[in-house]
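Step one of this worksheet: look at the structure below.
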Amino acid sequence: MKFVIQRNQLMESVQDVMKAISSKTTIPILSGMKLEATTDGVKLTGSDSDISIESFIPTEENGIVFVENIEPGSIILQAKYFPEIVRKLPEQTVEIESDEQFNVTIRSGSAEFNLNGQDPQEYPQLPKLHTENSFELPIDLLKDLIRQTVFAVSTSETRPILTGVNMVLRDEKLHFVATDSHRLASRTIPMSDITSEVTFKNIVIPGKSLNELNKILEDSQDKIEISVTENQILFRTKHLYFLSRLLDGNYPETSRLIPEQSKTNVVIDAKELLHSIDRASLLAKESRNNVVKLMTKDGHTIEISSNSPEVGKVLDEVKVDSIEGEELKISFSAKYMMDALKAINTEKVKILFTGAMRPFIIKPGSEEEEILQLILPVRTY
Amino acid sequence: MSKRFPTNGRVIFHVDMNSFYASVEAAYNPDLKGKPLAIAGNPEQRKGIIITSSYEARAKGVKTTMPLWQAKELCPGLRVLTPNFDRYREASSQMFQILAEITPFVQPVSIDEGYMDITECAELGTPVEIAEMIQQKIKNELDLPCSIGIAPNKFLAKMASDMKKPMGITVLRKRELPTKLWPMPINEMYGVGEKTADKLRKIDINTIGDLAKADSYHLKHLLGINGERLQNRANGYDPRPVDPEAVSDFKSIGNSQTLPYDTTDEREIEALLHSLSEKVAERMKRKSVVSENIQVMIRYHDRKTITRSNQLHDYVELSEDIFHIASTLFFANWNGKPIRLLGVTAQHLTEKEEMTKQLDLFTYENEAKNEKLYDVVSQLSDKYGKNIFKKNKSYENKSSVSTSFQKDFLDDYKTKKKK
């Protein structure tokens with residue numbers, strides 16, 4: 001195998017593929033990265049058996065040549081050293097060559113590395129998904145869906161199913177839902193152009209996979225294709241192939257846990273609320289599990305406060321656009337509130353409370369986007 | 001600086017209310033003044049004993065813990081009242097507030113006594129003048145007598161307040177130890193109980209002076225670390241500071257009660273556990289704490305005593321919950337023999353103000369279903385006082401006094417102080 005490649009393109013692909021490679025893998029060959037040269041271009045592969053990523057660098061795109069002098073072949077390289085080598089090479093072009101004994105030579109300008117590679121035959125074949133169950137989505141939108149939900153997945157393995165994001169495709173709508181049982185994040189988008197045969201219910205994508213995918217995908221209007229099988233999900237763009245296993249088990253039915261009526265409704269500037277919560281949490285962070293209290297004051301003010309006996313207290317009044325309904329005093333985690341407000345990211349938010357011991361909902365001020373953040377309050381005594 | 005204040009060292013007061021419960025009753029009902037008066041548990045039952053008595057009754061030989069019948073024999077005109085703890089708590093709280101006006105360094109130790117560190121109070125007068133001022137104020141405002149001991153440390157102040165009662169003010173200086181303290185019999189030393197006194201007498205330590213001069217190695221051998229501590233105190237050395245926060249260092253709340261007769265009757269046992277649980281819950285509520293560990297104590301007819309506790313995964317505060325845990329524990333550990341005494345203790349306490357519980361999406365209904373109830377209870381309690389809600393009792397025994405080492409009243413004083 002031999003080819004000459006543009007260093008920037010190679011670097012980018014290497015970084016993406018590295019997201020799937022773990023040094024702690026139980027299958028030794030998976031600690032390596034697979035390079036495969038064909039007449040079409042160079043393909044890099046990394047996998048930790050939960051996530052597998054393939055990144056493809058075409059010989060040329062839009063008239064710009066990325067790969068030249070290709071002698072087809074493949075090799076497995078030590079992932080521990082390869083990325084740093086590529087990063088530090090002196091010139092813009094890199095020549096990579098391997099021989100029958102899996103010795104690899106990397107040349108760039110004055111520098112030449114000789115590395116021991118491994119037999120590509122030993123690298124497991126990535127499953128090729130054959131499924132009708134697929135649909136397309138703009139990359140931007142998928143990134144939004146991920147960003148607005150994935151932070152709410154559970155980090156604890158006590159209920160493994162909650163470490164994933166539940167994806168539901170139903171009634172021409174795509175739902176992403178995540179909850180760690182203390183808060184819940186959900187985002188829904190219309191999918192009117194989809195064929196009605198495609199429906200998914202109990203699809204639970206590991207939060208970690210989505211986080212990595214989100215890092216790899218660049219903001220773009222281009223489409224990404226999502227295909228699902230029994231136990232795997234594939235995200236595919238022109239040059240990226242991202243495969244993740246799905247979580248086993250039944251995701252809890254969350255829709256009926258979301259209150260439909262509310263007793264106290266507040267409309268408020270999201271930034272002002274975020275900053276106020278942030279201030280209140282300064283004192284609450286360490287001693288009080290980051291719990292802050294929200295109290296309705298009158299028709300146009302809420303009070304955010306926190307009291308840590310050992311440290312001190314903070315009191316902050318925030319003007320609201322409107323308060324309707326019953327008076328309320330409620331305590332909750334400042335972190336959950338800040339996460340939710342950041343995820344919604346609109347100028348105004350609407351907060352719907354149903355009582356001090358019931359979950360409350362945060363929505364964008366305008367209803368056009370179907371984002372819902374739900375937070376369970378903290379009971380104080 | 002007043003020359004009466006020492007240039008180094010501290011000035012500690014021990015304020016001790018004189019026959020506190022009886023004095024409070026007499027303040028409520030002046031007719032009782034000057035008459036022999038005793039506060040006692042239920043006269044009908046065998047445990048009807050004197051809790052405290054007025055000086056007039058004491059003059060006739062009535063003593064604390066004496067059975068009621070014996071007290072009546074010694075003092076035929078004795079007026080006997082059952083205790084009104086709410087009154088005593090109220091009076092105690094007011095008394096500590098008077099002390100707190102002098103200095104923030106007030107350490108309540110029980111319902112009717114406390115320490116003060118007035119080292120920094122020289123501008124108010126000499127120590128004796130300050131003591132007189134406190135004593136007069138408590139007398140004028142609360143109509144209650146007290147004795148005050150003045151000394152360089154807590155132990156000597158405590159001994160001093162005991163030397164002149166009622167309405168005494170006693171100064172105990174270190175140089176006066178050989179004349180004032182050392183001649184006293186060893187059993188009158190604070191910190192020396194009957195058992196310790198017996199042990200000490202066996203090695204010919206009969207007075208506090210004997211203890212002061214005893215061989216420290218020998219003492220340590222006999223009493224352990226406490227021997228060394230007692231000897232230091234006998235020599236006028238006590239390093240404990242007056243700690244206003246000491247009150248909040250409580251670890252548990254427990255109540256126990258002796259049954260009228262030894263029993264194996266499960267209904268009776270349950271009823272007693274129920275009433276003990278209620279008392280514990282009530283005291284927890286007063287202190288605004290919740291518990292993570294419930295313990296029951298079982299004392300059998302032969303005085304054999306066991307304790308068993310259950311570490312919980314959740315906080316409890318309601319008497320029903322405490323009762324449920326206590327009775328489960330009891331029946332899991334009872335050997336079926338007749339029972340003399342039962343106790344219920346809530347341990348591992350957390351102050352409610354300090355505690356929070358993150359509700360869970362899948363279980364919050366458990367808490368939320370009682371939300372209305374909690375609301376109404378707290379609103380009505382605010383309006384009508386805390387005692388309006390009582391669960392229906394199957395075991396009504398109002399006149400009974402269960403034993404507890406109650407320091408709750410101190411928190412009443414503390415909360416008032418905060419305001």
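Summary table below
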{"item": "Separation of the A:Q15 and B:D265 label points, Cα + 7 Å toward Cβ, nm", "result": "8.3 nm"}
{"item": "Average beta-carbon neighbours from other chains, 10 Å sphere, peptide A:179-186", "result": "2"}
{"item": "Cα-based Rg and Dmax for the protein assembly as shown, where Dmax is the largest Cα-Cα distance (Å)", "result": "38.5, 122"}
{"item": "Segment A:55-103: chymotrypsin sites (Phe, Trp or Tyr not before Pro) in DSSP coil with no more than 16 other Cβ atoms inside 10 Å", "result": "A:Y81, A:F102"}
{"item": "Probe 1.4 Å, accessible area per residue of the protein assembly as shown, Å²", "result": "49 Å²"}
{"item": "For chain A, the spread of Cα positions along each principal axis, largest first, Å", "result": "78, 52, 41"}
{"item": "Sparse-neighbourhood loop sites, chymotrypsin sites (Phe, Trp or Tyr not before Pro) in segment B:229-325 - DSSP loop, at most 16 other Cβ within 10 angstrom", "result": "B:Y237, B:F250"}
{"item": "Whole-percent carbon and sulfur share, accessible surface of the protein assembly as shown, 1.4 Å", "result": "47 percent"}
{"item": "Stretchable slack from A:N116 to A:V311, in nm (0.36 nm times residue separation minus alpha-carbon distance)", "result": "64.4 nm"}
{"item": "Residue-averaged beta-carbon neighbours from other chains (10 angstrom radius) around A:251-257", "result": "1"}
{"item": "Members of B:K35/B:K199; A:K271/A:K313; B:K63/B:K220; B:K63/B:K304; A:K215/A:K293 lying beyond 31 Å, as alpha-carbon distances in this model show", "result": "B:K35/B:K199; B:K63/B:K220; A:K215/A:K293"}
{"item": "Segment A:197-261-segment A:49-126 distance, computed between alpha-carbon centres (Å)", "result": "30 Å"}
{"item": "Signed unit charges on C-beta, dipole axis of the protein assembly as shown, positive-most listed residue A:I51, B:I130, B:P166", "result": "B:P166"}
{"item": "Neighbour cut-off at most 16 other Cβ (10 Å), DSSP loop, trypsin sites (Lys or Arg not before Pro), segment A:69-138", "result": "A:K80, A:K128"}
{"item": "222 nm mean residue ellipticity, helices alone, for the protein assembly as shown (DSSP H n ≥ 4; -39,500 (n - 2.57); rounded to 500)", "result": "-8500 deg cm²/dmol"}
{"item": "Residues B:E129 and B:D204, FRET efficiency given R0 of 30 Å [Cβ-Cβ distance, rounded to 0.05]", "result": "0.10"}
{"item": "Rg over Rh [alpha-carbon atoms, Kirkwood Rh] for segment A:222-381", "result": "1.08"}
{"item": "Overall form of segment B:21-85 per C-alpha gyration tensor (a/c, 1.5; a/b vs b/c)", "result": "oblate"}
{"item": "FRET efficiency, 1/(1 + (r/R0)^6) with R0 56 Å, evaluated for B:L318 and A:I27 via beta carbons", "result": "0.55"}
{"item": "Spacing of the two label points (7 Å from each Cα toward its C-beta) at A:D99 and B:K220, in nm", "result": "8.1 nm"}
{"item": "Label-reachable residues, segment A:13-29, where backbone N falls under 16 Å from a point 7 Å from A:K238's Cα toward its Cβ", "result": "A:13"}
{"item": "Nearest-ten-degree value, helix A:334-344 long axis tilted from longest Cα axis of chain A", "result": "70 degrees"}
{"item": "Selected from A:L129, A:N202, A:M18, residue furthest toward positive end of dipole (chain A; charges at beta carbon)", "result": "A:N202"}
{"item": "Rg to Rh, two decimals, where segment A:171-275 supplies the alpha carbon set and Rh follows Kirkwood", "result": "1.01"}
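The values are calculated or read from the model by the stated rules, or taken from the named source; none is laboratory data. Because the structure is a prediction, the values reported are computed rather than measured. Virtual Cβ from ideal backbone geometry, glycine too; neighbours counted across all protein chains shown. Calculation scope for accessible area: heavy atoms of the full protein, side chains included, ligands and nucleic acids excluded. Shrake-Rupley method; radii C 1.70, N 1.55, O 1.52, S 1.80 Å.
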